[in-house]
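Scroll down for the structure; my scribbles are underneath it.
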Amino acid sequence: MNKIMKLALVLFLVCAVTAGILGVVNEITKDRIAEINRLATVAAYSAVLGADGYDTLDADTSAFPTVDKISLATNGAGHVVELTVPGAQGLITVAVGVAPDYTCTGISIISHSETSGLGANAAAQSEVGRSFREQFIGTDENVALTKSGGTIDALSGATITSNAVTTAVATAIRAVKAIG
């Protein structure tokens, strides 16, 4: 019994020290991580709409549970809708630009956990990734994959990710329409 107590105490101390170190590292890095995330979001917004500034709207988006926030471009170029949708391997955060005529001006994938070489291609800066994202420019709320009668070609081997992004674009446009 004494040997078990000694092992339990050693295990407890190892866990306590590890938790303490992780807590200190978190405290040191949290501001830097928040700044990196903020800059990634600013870059994503700029890529999809190209405005200099945005005002976050206090809109009721309860009918659209995947919508995180809707921002209006200060120059009147349209809206940027940030959504988090389920993908094949986890959540995908997407920024969708919506023009005043309710068409997509572009998409940018802010974060994801999709499979490298497959679903991750949706966010990649490679030709495959850019081509996939460019297909959405000019589409409306009826956007769909070709296998569902639409015009968007799915990424090879990544139908679930392609469907998730397509759904995000359609939802973003519908959300902007709903707030008028």
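Observations
- Answer residue from region 91-106, given it is outside any strand (DSSP E or B) and touching a Ser or Thr at 6+ places or on another chain (Cβ under 8 Å) and is nearest to ALA144 (Cα to Cα) among those: THR103
- When residues of region 159-180 are limited to those that are more than 14 Å from the chain's Cα centre (by Cα) and of a type in the set (A, V, I, L, M), the one surrounded by the most Cβ atoms within 10 Å (Cβ to Cβ): VAL176
- Test: residue in region 109-116 that is in a strand (DSSP E or B), buried (at least 16 other Cβ atoms within 10 Å of the Cβ) and touching a strand residue (DSSP E or B) at 6+ places or on another chain (Cβ under 9 Å): yes
- The one condition in (1) under 16 Å from the mean Cα position of the chain (by Cα); (2) part of a strand (DSSP E or B) that ASP55 fails to fulfil: (1)
- Whether a residue is under 15 Å from VAL42 (Cα atoms), hydroxyl-bearing (Ser, Thr, Tyr), surrounded by 22 or more Cβ atoms within 10 Å (Cβ to Cβ) and modelled with pLDDT of 90 or more was assessed, and SER71 does not pass this test.
- Only residues that are buried (at least 21 other Cβ atoms within 10 Å of the Cβ) and farther than 15 Å from VAL96 by Cα were counted across region 121-137, and they come to 1.
Let's see how each residue does on (1) among the aliphatic types (A, V, I, L, M); (2) in contact (Cβ under 8 Å) with a residue 60 or more places away in the chain:
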position: ALA47; (1), (2): yes, yes
position: SER62; (1), (2): no, no
position: THR66; (1), (2): no, yes
position: SER71; (1), (2): no, no
position: CYS104; (1), (2): no, yes
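- Pairs where the first residue, in region 134-159, is without any contact (Cβ under 8 Å) to a residue 12 or more places away in the chain and the second is of a type in the set (A, V, I, L, M, F, W, C), C-beta under 7 Å, 6+ apart: THR146/ILE152; ALA154/LEU145
Residue-by-condition table, conditions (1) modelled with pLDDT of 95 or more; (2) surrounded by 14 or more Cβ atoms within 10 Å (Cβ to Cβ); (3) touching a Pro at 6+ places or on another chain (Cβ under 7 Å); (4) within 30 Å of SER116 (Cβ to Cβ):
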position	(1), (2), (3), (4)
LYS6	no, no, no, no
GLY23	no, no, no, no
ASN26	no, no, no, yes
LYS30	no, no, no, yes
VAL48	no, yes, no, yes
ASP55	no, no, no, no
ALA59	no, yes, no, no
GLY87	no, yes, no, yes
GLY90	no, no, no, yes
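The values are calculated or read from the model by the stated rules, or taken from the named source; none is laboratory data. From a predicted model like this one, the values you see are computed outputs, not experimental measurements. All Cβ positions, even for glycine, are placed from backbone atoms using ideal geometry, and neighbour counts span all protein chains on display.
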